[in-house]
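Contents: one structure, followed by commentary.
Read-outs: derived from the displayed coordinates by stated rules, not from any lab. Fair warning: this is a prediction, and the values are worked out from it, not measured in the lab. Ideal geometry is used to build each Cβ from the backbone, glycine not excepted, and the neighbour counts take in all protein chains shown.
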Amino acid sequence: MSKVSLNMYVFAVYVGLVAAGYDMSESSSNKEMIEEIKNMDWDNRITDYYQWTKNSTCEVNPYWPRAFILTLASLYVSDENTIQYKDVDEVMNHINSLDQIKLTSEKEEIEQRVKELPCIHNRVVKTPGFHGLWKAYCRRVKSEEPEYNRIIHQAMGLVREAFDLKADKFPSLIFVPNSLQAPEIADFVTMKNRVYVIQSKPNAVAIVHEYLHQILGNKLDESADLIKRYTFLIEPVFEKMVKYQYAWDKDNDSWLNVFEENFIRAASIWIINRNNKEAAIKKANKYAADGFVYIPIILENFMNRWKGLKALDLFILECLNECKRSIN
């Protein structure tokens, strides 16, 4: 099951970010709205709060992971009577369980910021002009919804065909349009067998990628002991993977994260380009030039050695050995 679902509090996060200087959305269709947001009379407590989200630890996206954390937390906000979390501990437990984020020294500060978020949302939505922005945005998304649904169903169909899966094997996908977000960035949040995809517009590649994390992620976890035996493979890619925030140390946990990302990206390329080998290789080589050097190797294995999900353990071992041979 999939659906398009607007979320006012996700929108409010990015309205606050734009008010505080967020400038990663390049869509011409947003220029008028962005200017309108910048010209609104903002409470300093809002702009000060959102300026905190920008940091220098991730070159590719300087707002990672703080903007993502606030987006995730917004999915837990309820407005039945007042804007609040039903259970703030549930929110923090979710954030602390994320494999792709290491909070370390920031943990206490992030917890405090997350707890403050409902109050900030309340200030944002009460700012004169906000509801006009929200209504205009809802109208625009409504007009584009049929195209969004077409892209989502296309992506789901590609994954089903590649892995011979029935529809009931897929978690529910909820696409949350967020055109104020940088178009190349997609955020994914898994909650209670639902996958939220938060992106400016749906992108088949991003949706395939996330479904593969859901389908293959557990299988990769089951093979963690095997994958850890190849942690030395992080050495040639370490600096680049730190830049993209997929690694934080040359340890087993970082390598598990790096290998999964390379594996899933290679699988995504294979699925999207199954009928165009040349395009697949070109895409994989582009990733390799950006530091994901194991993607072309894993892609070649998908194209020549894939025997289905039942043989995944052996396939993972073959991929690891080919990656090892590539650096010797």
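Below is a table of values for the structure above.
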{"item": "Residue order, fewest to most surrounding Cβ atoms within 10 angstrom, among ASP187, ASP253", "result": "ASP253, ASP187"}
{"item": "Those aspartates and glutamates that a straight Cα-Cα span of less than 18 Å connects to LYS135, excepting residues fewer than 8 apart in one chain", "result": "GLU32, GLU35, GLU36, ASP79, GLU144, GLU145"}
{"item": "Lys/Arg +1, Asp/Glu -1 at C-beta; the chain dipole; positive extreme among GLY308, TRP64, GLN181", "result": "GLY308"}
{"item": "Cα long-axis angle, helix 107-125 against the chain (0 to 90 degrees, to the nearest 10)", "result": "50"}
{"item": "Which of TYR246, ALA162, LEU98, positive extreme of dipole for the chain (C-beta unit charges)", "result": "ALA162"}
{"item": "Antiparallel bridges, percent of DSSP beta bridges restricted to the chain (to nearest 5)", "result": "45"}
{"item": "Acute angle (nearest 10 degrees) that the helix 295-305 long axis makes with the longest principal axis of the chain, alpha-carbon atoms", "result": "50"}
{"item": "Three semi-axes of the equivalent ellipsoid, the chain, Cα gyration tensor, whole Å, largest first", "result": "36, 22, 18"}
{"item": "Under 25 Å from LYS282, Cα to Cα: lysines that are on another chain or at least 8 residues apart", "result": "LYS201, LYS240, LYS243, LYS307, LYS324"}
{"item": "Positive-end residue, the chain charge dipole about Cα centroid, Cβ charges, pick of HIS131, GLN214, ILE151", "result": "ILE151"}
{"item": "Nearest-ten-degree value, helix 8-19 long axis tilted from longest Cα axis of the chain", "result": "80"}
{"item": "Neighbour-count ranking [beta-carbon atoms within 10 angstrom, fewest first] of SER74, SER143, SER326", "result": "SER143, SER326, SER74"}
{"item": "Qualifying lysines (Cα of each under 21 Å from Cα of LYS115; at least 8 residues distant if same chain)", "result": "LYS54, LYS86, LYS102, LYS107, LYS126"}
{"item": "q = 0.10, 0.13, 0.17, 0.19 Å⁻¹, the stretch 100-256: log10 I(q)/I(0) [Debye, one scatterer per Cα]", "result": "-0.54, -0.89, -1.24, -1.32"}
{"item": "For the chain, size of Cβ-based charge dipole, Lys and Arg +1, Asp and Glu -1, in debye", "result": "940"}
{"item": "Placed amide H near SER78: partners under 5 Å, 5+ positions off or other chain", "result": "GLN84, TYR85, LYS86"}
{"item": "Spherically averaged projected area of the stretch 223-327 from its Cα convex hull (nm²)", "result": "6.1"}
